[in-house]
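Heads up, the thing below is written out as structure tokens.
The values are calculated or read from the model by the stated rules, or taken from the named source; none is laboratory data. Keep in mind that this is a model prediction, so the values were computed, not measured. Cβ placement follows ideal geometry from the backbone for every residue including glycine, while neighbour counts extend to all protein chains displayed. Keep in mind that these areas ignore ligands, DNA and RNA; they rest on the heavy atoms of the full protein, side chains included. Shrake-Rupley method; radii C 1.70, N 1.55, O 1.52, S 1.80 Å.
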Amino acid sequence: MYIHGHNSFMDKQADSELVNLILDPATRDQGFRLLLTNYKEQLYWQIRKIVLQHDDADDVLQNVFVKIYKGIKNFKGDSKLSTWMYRIAYNESMTHLTKKARHLQISSQELQDHMVNQLEADVYFTSDQVNLELQKALSQLPDRQREVFNMRYFDDLMFKEVADVLGLTEGAVKSTYHIAAKKVEKFIRQDETFTN
Amino acid sequence: MKDKQQQPGFEVPDAYFERLEERVLMRVNRQDNQGGFKVPQDYFDQLDQQVMERIEDQKLRTLKSQERSKLRVLWNVGGLAAAVLLVLVIGKNFQYNNSDWQADSLEDETIATYVEEVAILQEEEDIEFLFTDNTILNDISMAEDISDKELLAYLEDEVSLTQIMRE
């Protein structure tokens, strides 16, 4: 399993070998299966934190891998392979949410509230009230702040990597994370679940 | 912590190392727990196969889509060719119809050649009829020279009254 989060020469070399394996028609499927094995869980959880429902995450994840399969020839190696794939996953997840909001004819914020409310009855979400309240707190954040918080807090990405995925400067990511963390902290302090 | 492990010039927050273990365990727990989200049993084991199937399905769709595109191109080109042909035919017909207005300017020889070549009157009977018709017309014009007396005598000699009644 690839360990993400810290750039190194080893990562770059492994990425490069993997990409070359996929680009060679003779080893394409073998290489892609290796990529799937290495990155499926990481990408799943990144997507799941955005779309919240397992069925949605599964659908988005499979679409992401189809796009990766088709678009791997466009990977230039400027960034880490995981960052490049994360960007695809992030864009695909956001597109999914936009379509879902349009389908339900509700705003982006209403969709977040709707999704968090559904979590209470979701069999694939723990009945732990603390986690539910944390998700409620995150749902109150603007999209960008929520994403930065998720990537940094749950996925343990470095600020530089978050900046690469979202196309922001490292400074902007740091200040966005700081603001998001303060808001979450404030929400938690006001919430009875955490204070009792 | 032993002094030899301290680095001159560097400091850490108060009680940093005392709470480090707790914080590391919290982080590990947070990542294992995935914020309360769970997946169906064996989900990741079956995912590879599902993704590969979806990719194969996409490939098939792309192939079908390309075939449909080719057919669409053929259909469009065929339609365009038909339209061009139609325009040409209509244009030719329009030109032909307009040429009637210039018929006076055509010489007799040209018309005769055209009739012969295009053969408007294809049957010999049609041509004979034209001549017959002309003979009748000629006879009528000649009849103007016959006097009433001669005409009456002709009728009395050649045509009976019953024949006239029958006709």
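The mean number of partner chain beta-carbon atoms within 10 angstrom of a residue's beta-carbon across peptide B:43-50 is 4.
Remark on the range A:27-52: accessible area falls by at least 20 square angstrom from chain-alone to full-complex state for A:Asp29, A:Phe32, A:Arg33, A:Leu36, A:Lys40, A:Glu41, A:Tyr44, A:Trp45, A:Arg48, A:Lys49, probe 1.4 angstrom.
Remark: for residue pairs A:Lys76/A:Lys183; A:Lys73/B:Lys70; A:Lys76/A:Lys100, the C-alpha separation exceeds 30 Å in A:Lys76/A:Lys183; A:Lys76/A:Lys100. Which lysines have a Cα less than 19 Å from the Cα of B:Lys38, not counting those fewer than 8 places away in the same chain? Straight-line reach from B:Lys38, under 19 Å: A:Lys40, A:Lys49, A:Lys136.
Based on Cα atoms of chain A, Rg over Rh with Rh as the Kirkwood radius reads 0.99.
Chain B contacts chain A over a buried accessible area of about 2800 Å², both sides summed; the probe is 1.4 Å and only protein chains count.
Taking the square roots of 5 times each eigenvalue of the Cα gyration tensor of the range A:126-196, largest first, gives ellipsoid semi-axes of 25, 12, 9 Å. Here's how it looks for B:Phe37: its modeled amide H is under 5 Å from those of A:Thr126, which are all 5 or more places away or on a different chain. Taken over the alpha carbons of the range A:9-117 as equal point scatterers, the Debye sum produces base-10 log I(q)/I(0) values at 0.20 Å⁻¹ of -0.99.
Taking the Cβ-Cβ separation of A:Lys70 and A:Gln129 as r and a Förster radius of 45 Å, what is the calculated FRET efficiency to the nearest 0.05? Once the sixth-power term is evaluated, E becomes 0.60. Within the assembled protein chains, the solvent-accessible surface assigned to B:Glu53 is about 110 Å², based on a 1.4 Å probe. How tilted is helix A:9-23 with respect to the longest principal axis of chain A? Cα atoms for both, answer in degrees (0 to 90, nearest 10). Rounded to the nearest ten degrees, it is 70.
Here each label is just a point 7 Å from Cα along the line to Cβ, and for B:Glu156 and A:Thr169 those points are 13.5 nm apart. Relative contact order of the range A:9-117: 27 percent, from C-alpha pairs under 8 Å at least 6 residues apart in sequence. Helical content of chain A, expressed as a calculated mean residue ellipticity at 222 nm, amounts to -24000 deg cm²/dmol (DSSP H runs of 4 or more residues, -39,500 (n - 2.57) each, divided by residue number, nearest 500).
Between the helical axis of A:170-190 and the longest alpha-carbon principal axis of chain A there is an angle of about 30 degrees. What distance in nm lies between label points placed 7 Å from Cα along the C-beta direction at B:Ala15 and B:Ile90? The answer from the label model is 9.2 nm.
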